[in-house]
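The values are calculated or read from the model by the stated rules, or taken from the named source; none is laboratory data. The structure presented is a predicted model; accordingly, all values stated were derived computationally and were not measured. Here Cβ is always computed from backbone atoms with ideal geometry, including for glycine, and neighbour counts include all displayed protein chains. Quick note on the areas: whole protein, heavy atoms, side chains included, nothing else; ligands and nucleic acids left out. Shrake-Rupley method; radii C 1.70, N 1.55, O 1.52, S 1.80 Å.
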Amino acid sequence: MNLHEYQARDLLRAAGIAMPEGGVAATAEEAEAIARRLGGHVVVKAQVHAGGRGKAGGVKLAKDAAEARQLAGTILGMSIKGLTVQKVLVVPAATIASESYVGLIMDRESQRPVFMVSAAGGVDIEEVAAQTPERITRLAVDPRYGLLAHQALGLALSLYRDFAQARAAAGIMQRLYQVFVGNGASLAEINPLVTTTEGSVLALDAKISIDDNELDRRPDLAALRDESAEAPSEVAARQAGLTFIKLDGNVGCVVNGAGLAMATMDLVKFYGGEPANFLDIGGSSNPEKVVNALRIITADHNVKAILFNIFGGITRTDDVANGIVAATRQFTVELPIVIRLTGTNEVEAFKILQGVGMRALSDMDAAVKQAVALAQEAA
Ligand code: GDP
Ligand code: MN
């Protein structure tokens, strides 16, 4: 779950990282009032779950409250990477001397939190990693000890020659590590971490993603979810108890089990197609889930064909077949549907589908090929 910058800032501030106090506004008038309270010279920042807001025109400096109002007026309602800006953060503007990158991710390979820092901050770190990887310093942290003072200082000295600044940055990194561990984050980054012309070290941006598995035991964090800022299809899927990730292709996939879903996507690509989504309807046999899955997939206008791939173990394939029939009765599915099912109760399932004039396949390759071909014909 991604947090907004203003939410991430609250977590960093709670951990003792100095960030000037700001305010969140949903209207230009509110932004003006906050700017006035802060003395006028502010930054107005779009609050959407996307990086690169600066480049997209979603981060602007205002010299006074009137300009803050005008800028908020243009930023609110703007679309950044397909997300509509509904709120802006207004914070005192800093005068920047240098911009660094400080980030922490959970790394699967080393099975540890890994720090990445770079003096090439402000820009996308992906760009730095691709073009000048030598400008990124990495450190895997042993979770038994956390980020030790000398390690933090070592990282900070790769960014700053000035010892006072390095010490300040090291303190920020240790606190960032506390925030990361203490909130079950999968990512925590400050980009840019700046030095100001007065010489102080300040975090100007904050990005935190919380591991979804953390949310059941942390209702305080779960409450930070802003569904209005998430892809509607992903919100609907979560509410329906489906594991769904929207992708850019045109073959809608309905699969039971995460592993089979991955294999299905691989095979779609292998046969020259592009999956429109990852969707795991889970191990239970509940027709309602199929209905919900079809609703979510058919709402995506990129989808040109639907592929069911069901392996009946605990899942009963006749329940899935009933779900498909129920769904197509509840609303018209205009798209071609290819159904592959095998396993528990497959004889019954095939009968149910035949009864309504639908045909199922038992071979996975054949079904995927057919779905890819149908999607390409329609595209
Ligand atoms: P992002 O583009 O979504 O990562 O948004 P950021 O919060 O990182 O802002 C983008 C850029 O705007 C930063 O890299 C800075 O160059 C600039 N910026 C942000 N805050 C300030 C500020 O207080 N003063 C100045 N002068 N520039 C700022
Ligand atoms: Mn940034």
Given H placed on each backbone N at 1.01 Å, which residues far from D107 in sequence or on other chains put an amide H within less than 5 Å of it? R112, V114
Rg in Å to one decimal, and Dmax rounded to a whole Å, for the range 143-205 via C-alpha atoms: 12.0, 38
Is there a pair in K55/K246; K60/K87; K63/K87 whose C-alpha atoms are over 18 Å apart, and which pairs would that be? K55/K246; K63/K87
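Given 25 °C and 0.890 mPa s, compute D for the range 219-311 with the Stokes-Einstein relation, Rh being the Kirkwood radius over Cα pairs; round to the nearest whole µm²/s. Provide the component values of the computation, followed by the final result.
Working: Rh = 13.6 Å.
This corresponds to a translational diffusion coefficient of 181 µm²/s.
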Listed highest first by mean packing, meaning other Cβ atoms within 10 Å per residue, what order do 356-362, 147-153 come in? 147-153, 356-362
Treating the angle as unsigned and between 0 and 90°, give the value, to the nearest 10°, between the Cα long axis of helix 364-378 and the longest Cα principal axis of the chain. 70 degrees
Given charges at beta-carbon only (K, R positive; D, E negative), |dipole| of the range 340-379 in Debye: 80 debye
Once both label points are put 7 Å beyond Cα along the C-beta direction, the R37-E288 separation in nm becomes 4.4 nm
If you take all C-alpha pairs in the range 1-92, what percent of them are over 17 Å apart? 44 percent
Using a Förster distance of 56 Å, how high is the FRET efficiency between V333 and A140, based on the Cβ-Cβ distance and rounded to 0.05? 0.70
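With all protein chains present, how much of the accessible area of the chain (probe radius 1.4 Å) comes from carbon and sulfur, to the nearest whole percent?
Numbers: 9110 of 17790 Å².
So the carbon and sulfur contribution to the accessible surface is 51 percent.
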Loop-resident sites, the range 105-174, for trypsin sites (Lys or Arg not before Pro), counting at most 13 other Cβ within 10 Å (DSSP): R108, R144, R161
Where the centre of each part is set by its Cα atoms, how far does the range 161-180 sit from the range 62-138, in angstrom? 18 Å
With a 1.4 Å probe and every protein chain left in place, work out the accessible area per residue of the chain in Å², rounded to a whole number. 47 Å²
Measure nothing but the geometry: give the 0 to 90° angle between the long axis through the Cα atoms of 317-330 and the longest principal axis through the Cα atoms of the chain, rounded to 10°. 80 degrees
A chain fully extended from D363 to I96 at 0.36 nm per residue, minus the present Cα-Cα distance, gains in nm 90.0 nm
Quick check: the angle from helix 258-270's long axis to the longest principal axis of the chain, C-alpha only, nearest 10 degrees? 80 degrees
Taking only Cα atoms of the chain, radius of gyration then Dmax in Å: 24.9, 78
